[in-house]
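I have placed the structure first, in the form of structure tokens, so that the comments after it can refer back to it.
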Amino acid sequence: GAVVSQHPSWVICKSGTSVKIECRSLDFQATTMFWYRQFPKQSLMLMATSNEGSKATYEQGVEKDKFLINHASLTLSTLTVTSAHPEDSSFYICSARLSGNYNQPQHFGDGTRLSIL
Amino acid sequence: AQRVTQPEKLLSVFKGAPVELKCNYSYSGSPELFWYVQYSRQRLQLLLRHISRESIKGFTADLNKGETSFHLKKPFAQEEDSAMYYCALGGNNAGNMLTFGGGTRLMVKP
């Protein structure tokens, strides 16, 4: 149980393109989902906390207008990288936590590799 | 502010040797510590958490609040333990967000 699906797994696109990444909790409801970014050989850095039905909470230094987050349902959060540029190339990982219990651990998706040419 | 430090980027041991992956944290509230593991080409998986006080795949970790540490230990390493290990700190915040350490790559040689 507690499977998180991320789609797509790999995206290659031209500079200036907007890219949407989906994060789904397949067998549980997730009030809160998290979006991370991981550069090569580095650790995960939290970008934002996505709350169902409300605005996302962004970490310091993360541009809200650049990384649009939508969490319209208890099983889906999306991250849209708007007008992506080569410096946005990275590995983006989402995680989800079961609703209603802050003691539940986060379950991670497989990640999305974004390559901007 | 939350901070997690894993001082070793790479730890290489022989099969059967004891393993200790170090993790130190900084947090003003009541900490909740986790160890996540990422095997080659797989997603990040929860290995264990301090409140469970359990042993998973032979690994244990004890939260030492005095030393602000949560080191991961295994008495006899196996080749299949080779992976990236991340220590993560959560807290009693409403968002329950995690702060990750830099990760330690464990290589177990035959």
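The values are calculated or read from the model by the stated rules, or taken from the named source; none is laboratory data. Since the model is a prediction, treat every value here as computed from it, not as a measurement. Neighbour counts run over all protein chains shown; Cβ positions are idealised from the backbone, glycine included. Protein only, heavy atoms only, side chains kept; ligands, DNA and RNA dropped before computing areas. Shrake-Rupley method; radii C 1.70, N 1.55, O 1.52, S 1.80 Å.
Observations on the structure shown:
- Pick from segment A:45-64, criterion modelled with pLDDT of 90 or more and within 10 Å of another protein chain (Cβ to nearest Cβ), ranking: nearest to B:Thr5 (Cα to Cα): A:Met45
- Checking each residue in segment B:13-61 for being at pLDDT 95 or above, loosely packed, with under 13 Cβ neighbours inside 10 Å and small (Gly, Ala, Ser) picks out only B:Gly16.
- Listed by position, the strands (runs of 3 or more DSSP E) inside chain B whose residues that are free of Cβ contacts under 8 Å to residues at least 12 places away in the same chain number at least 1 are B:45-49.
- Note on segment A:1-30: residues that are open to solvent by 30 Å² or more (accessible area, probe 1.4 Å), in a strand (DSSP E or B) and modelled with pLDDT under 90 total 2.
- Candidate set from segment A:84-117 (those that are closer than 19 Å to A:His7 by Cα and in a loop (DSSP other than H, G, I, E, B)); member that is most open to solvent (accessible area, probe 1.4 Å): A:Asp110
- Where A:Leu79 falls short, out of the listed (1) open to solvent by 30 Å² or more (accessible area, probe 1.4 Å); (2) farther than 21 Å from B:Leu89 by Cβ: (1)
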